[in-house]
1. Sort out which residues of segment A:253-262 are more than 16 Å from residue A:225 (Cβ to Cβ) and either assigned to a helix (DSSP H, G or I) or within 8 Å of chain B (Cβ to nearest Cβ) (or both), and write them in order of number.
2. Would you confirm whether or not segment B:113-123 contains a residue that is more than 9 Å from chain A (Cβ to nearest Cβ) and in contact with a strand residue (DSSP E or B) (Cβ under 8 Å, 6 or more places away or on another chain)?
3. Is it the case that residue A:182 is loosely packed, with under 11 Cβ neighbours inside 10 Å, farther than 21 Å from residue A:236 by Cα and either more than 21 Å from the chain's Cα centre (by Cα) or within 14 Å of chain B (Cβ to nearest Cβ) (or both)?
4. On the given criteria, is residue A:109 assigned to a helix (DSSP H, G or I), within 14 Å of chain B (Cβ to nearest Cβ) and at pLDDT below 85?
5. Among the listed residues A:270, A:247, identify the single one that is in a helix (DSSP H, G or I), surrounded by fewer than 24 Cβ atoms within 10 Å (Cβ to Cβ) and away from every other protein chain (no Cβ under 13 Å).
6. Among the residues in segment A:69-81, are any over 21 Å from the mean Cα position of the chain (by Cα), within 12 Å of chain B (Cβ to nearest Cβ) and part of a helix (DSSP H, G or I)?
7. Taking helices (runs of 4 or more DSSP H) that do not extend beyond segment B:187-302, which have at least 3 residues that are closer than 30 Å to residue B:143 by Cβ, within 14 Å of chain A (Cβ to nearest Cβ) and over 14 Å from the mean Cα position of the chain (by Cα)?
8. Out of curiosity, is residue B:180 more than 15 Å from the chain's Cα centre (by Cα), touching a residue at least 12 places away in the same chain (Cβ under 8 Å) and within 14 Å of chain A (Cβ to nearest Cβ)?
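The values are calculated or read from the model by the stated rules, or taken from the named source; none is laboratory data. Here the structure is a predicted model, which means the values were calculated and not measured. No Cβ is skipped: glycine too gets one built from the backbone with ideal geometry, and neighbour counts run over all protein chains shown.
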């Protein structure tokens, strides 16, 4: 019983961690609090499902495609929509309010488009739906694949941020956007890349969600909410923290759903959020500021 | 003079329902409700720039309080209970988030309504075993309208008073720069908390007053998130930091959305999204400020 919960929780947590990674990049590097994040995830999930049902393309094949598409959409969104707001705010607090309201509008725009295109019904596909036994627990293969994607992508991102020159630039912008230009960093370019990469991660997360979860066009807000809670738990802009917090939330949620009541998972998420805010608002793994 | 005009308007609005059909009266109540909600929202969020997305959490809490208590207590006592519940809820939310940066508050308010809806649903299904309640109160539609009109007028009067008082000054400084506010001796957490609780109590009362119109109440009906979003966009369109801004944005938008939701229910979210983006890019300070800027430019040229 306990092993089942732990394994299922870790598998769910993998997807959450991936979701949160993209959001923490967008907020940490581009300084955009993107409330439409969950809708981007859903958009990708719907595209994967449509390609699977319409053309018979396997989700694993379409995954790189939607990732690239996500990057492109994120790039465009930043260049067209966010950049003017950044320029207008001139480094003052105005950007936060503006970006929240603008992405809030984007949320409805995408949601409305999804409702028109795919309807309000719940959608799911059966793909690699057979059980695999892990440590004596039967887990659906599609869930395991989703978990694998999360681990690979998450690890690659952590390594890239830690070791490459590109990662160094990203971390510099995340830490002090004001001083980064002094050492010759193009902050605008880095922010655009960060935002686009975050959208690409949202798309990958959406693709892996579409493999094993039932979802509807109005479920985006819940994804955004969970991703936000994880980002704050892990510390804003903290990639390893977001990974750990994502797994943690998956575990807790699965535990609450099996041991107490599936209707209380969101309440559990919020209870954790409240505890983090009261106890360590800088995040579980963040340094005191 | 500054007092006379609003009072005349209020008097005219108060006698309006005597000449209106039931449908017209329904529209009047809706408009009055959104004027109240948007003004109450702006009371806290307009000056501090702490965007609250939790309007319906309080509105729904008020409506649900009436649904639970309508056969137990007399009506005024129910309203009092609703106000206390709304205030307590706001205190809990405010104490845990308003000490921190604005974005935490936004995120918390983003999910608050959904959280309360799920908790009530869970409680009703598992503990009381009744999901869905009826409200049978001996209150006519006109009385609801008059109550809402009074609440709206009180909200605007309260805002006018706060804007002249020390509290309003403190709120404006917080909105401009929190560090400066702290250095000038403003107790940040306390000022924000007072304004947030005041605004939330009004939102809760608005929900309680309109609730008899629902007759049948279920968590998914009264905690409809669209109410929160409409409130925000209405206040922003008119100008959230102006006394009459929220009211100015609420009336036309309410009518537009009423028309859209009955005629084009499918494209409704797209329109809402475009409106949000349009307001942020075109009239970031609201219509009143934009109009003032236009007239000022005209004067300079002349």
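1. Across segment A:253-262, the qualifying residues are A:254, A:255, A:257, A:258, A:259, A:261, A:262.
2. No, every residue in segment B:113-123 fails to be more than 9 Å from chain A (Cβ to nearest Cβ) and in contact with a strand residue (DSSP E or B) (Cβ under 8 Å, 6 or more places away or on another chain).
3. Yes, satisfied.
4. Details: assigned to a helix (DSSP H, G or I): yes; within 14 Å of chain B (Cβ to nearest Cβ): yes; at pLDDT below 85: no.
The answer is no for residue A:109.
5. Numbers: A:270 fails: away from every other protein chain (no Cβ under 13 Å).
So the residue among A:270, A:247 that is in a helix (DSSP H, G or I), surrounded by fewer than 24 Cβ atoms within 10 Å (Cβ to Cβ) and away from every other protein chain (no Cβ under 13 Å) is A:247.
6. So far as segment A:69-81 goes, yes, one or more of its residues are over 21 Å from the mean Cα position of the chain (by Cα), within 12 Å of chain B (Cβ to nearest Cβ) and part of a helix (DSSP H, G or I).
7. Values: elements: B:188-210, B:219-222, B:226-238, B:245-263, B:268-282, B:287-301.
The qualifying helices (runs of 4 or more DSSP H) are B:245-263.
8. The answer is no for residue B:180.
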